[in-house]
Amino acid sequence: MKQNTIKSFLGGCVLGMGLITSSAWAGFSVSGTQLLDGNGQPFVMRGINHAHTWYASQTNTAIPNIANTGANVVRVVLSNGTHREGWTRTPANEVANIISLCKNNRIICMLEVHDTTGYGEKAEATTVAQAAQYWVDIANTLKGQEDYVLINIANEPFGNGRPASDWVNAHRTAIQSIRNAGLTHTLVVDAPSWGQDWEKYMLNNASQVADADSLGNTMFSVHMYEVYQSYNTIRGYVSDFMNQHNLPIIVGEFGADHQGKFVDAESILRVAEELDIGYLGWSWSGNGSCCTALDIVNNFNPSSLSSWGNMLINSTNGIKATSKPATVFGGHTGSSSSSSSSSSSSSSSSSSSSSSSSSSSSSSSSSSSSSSSSSSSSSSSSSGGGSSSGGTGGSFDLLGLLLLIMAGAGRGIAVSRAQRKS
């Protein structure tokens with residue numbers, strides 16, 4: 001192949017690759033069962049929830065202290081001001097400060113609206129549509145933060161006994177509203193039935209919700225409390241979900257005890273590590289009298305871990321041993337110039353001093369399977385045998401460059417909607 005021909009060919013490839021990548025977006029994205037960070041690297045959440053809505057005065061210290069545990073994500077409770085117990089709406093400037101705190105402490109920020117908790121069963125709760133409107137209202141604060149912020153649309157959005165169609169239709173509409181506002185962030189959808197999905201509405205219908213996302217950038221979250229009391233139940237639910245939907249799932253909230261009932265937190269940590277999914281423990285501190293066993297630290301004191309906090313942070317499958325930061329904060333990865341391997345964790349809230357989540361106890365299915373994560377790397381080789389007049393040595397150098405260009409474009413391809421179910 002002549003040198004001029006190769007140059008023309010490469011020029012066309014560069015243009016083509018530019019067109020492909022321009023159709024993607026900055027920030028987190030979904031590819032099969034994986035969440036990818038802004039550099040296209042797998043990110044596995046290892047995180048902690050913080051109840052900002054009721055403890056806003058603690059947030060400036062809570063987020064740095066949570067980051068110091070090694071957590072790579074913090075799930076922050078916000079309010080849209082619609083809850084009938086009179087919770088104060090979190091204003092946009094407060095949200096901006098939370099995002100800055102997260103970025104300054106090199107931790108990913110998952111934001112959630114808590115007012116929806118138990119809607120349809122809890123009279124004070126409000127709708128998913130109202131939660132979606134909050135994200136639309138503060139869209140200008142969120143835009144430009146796609147590398148650092150995940151939007152958890154609505155916490156535990158329905159109580160028990162509602163039809164599956166309520167959960168499906170409410171989230172399909174909410175996703176479309178958020179996308180129409182120009183927000184391209186990864187969206188996180190909570191399970192119904194107080195987040196525990198014991199009625200299996202999310203397990204059976206998640207793909208219908210995900211299909212409403214024009215960007216194919218939606219993932220799902222189950223909250224594991226007393227419904228999840230054995231390894232088989234936990235692994236069965238997670239593996240069934242991934243096998244059925246080929247979408248990412250996290251355990252957005254969990255503890256070792258919920259209102260005096262056992263939760264197999266040790267198995268949740270183990271399954272998360274085995275199946276490469278994220279988890280976020282509930283919650284940093286401040287749970288009410290029903291649920292003080294859920295405090296990770298006592299009285300917001302980072303030097304005073306509870307037994308639950310010690311398990312979450314220091315056990316074999318806990319945060320310190322398994323958490324890796326999002327590569328957008330710098331470092332090195334095998335295929336990105338400014339990365340380090342990634343992993344993030346996020347969770348939501350279900351019990352706090354002002355709100356506690358009640359759940360029915362029922363068992364989940366217990367089939368098991370494994371999920372695997374893959375990373376791609378590209379390599380180029382140059383061959384000798386140089387010759388005059390643009391011989392094969394120059395050709396192989398240019399072809400190597402082409403391989404690098406194509407590898408860089410791979411992230412754009414991976415996050416396209418067509419690849420979401422690959």
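The values are calculated or read from the model by the stated rules, or taken from the named source; none is laboratory data. Because the structure is predicted, anything quoted here is derived from the model rather than measured. Neighbour counts run over all protein chains shown; Cβ positions are idealised from the backbone, glycine included. Note: areas computed on protein heavy atoms with side chains; ligands, DNA, RNA excluded. Shrake-Rupley method; radii C 1.70, N 1.55, O 1.52, S 1.80 Å.
Summary table below
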read-out: Restraint check, Lys200/Lys320; Lys103/Lys320; Lys122/Lys200; Lys143/Lys200; Lys122/Lys324, Cα-Cα greater than 28 Å; value: Lys200/Lys320; Lys143/Lys200; Lys122/Lys324
read-out: Hull volume in cubic angstrom per residue (convex hull over the Cα atoms of the range 37-85); value: 109
read-out: Pair Arg84, Ser307: separation of 7 Å Cα→Cβ label points (nm); value: 3.8
read-out: Percent carbon-and-sulfur accessible area, the range 185-225, ignoring ligands, DNA and RNA, probe 1.4 Å; value: 46
read-out: Amide H partners (placed H, <5 Å) of Ser306, local residues excluded; value: Val297, Asn298
read-out: Contour minus Cα-Cα distance for Ser214 and Ala92 (0.36 nm per residue); value: 41.3 nm
read-out: Net charge, Asn49 excluded, C-beta distance under 15 Å - Lys, Arg +1, Asp, Glu -1; value: -3
read-out: Computed accessible area, Glu274, all protein chains, 1.4 angstrom probe, square angstrom; value: 70
read-out: Tail weight of P(r) past 20 Å, computed on alpha-carbon pairs of the range 81-209, percent; value: 44
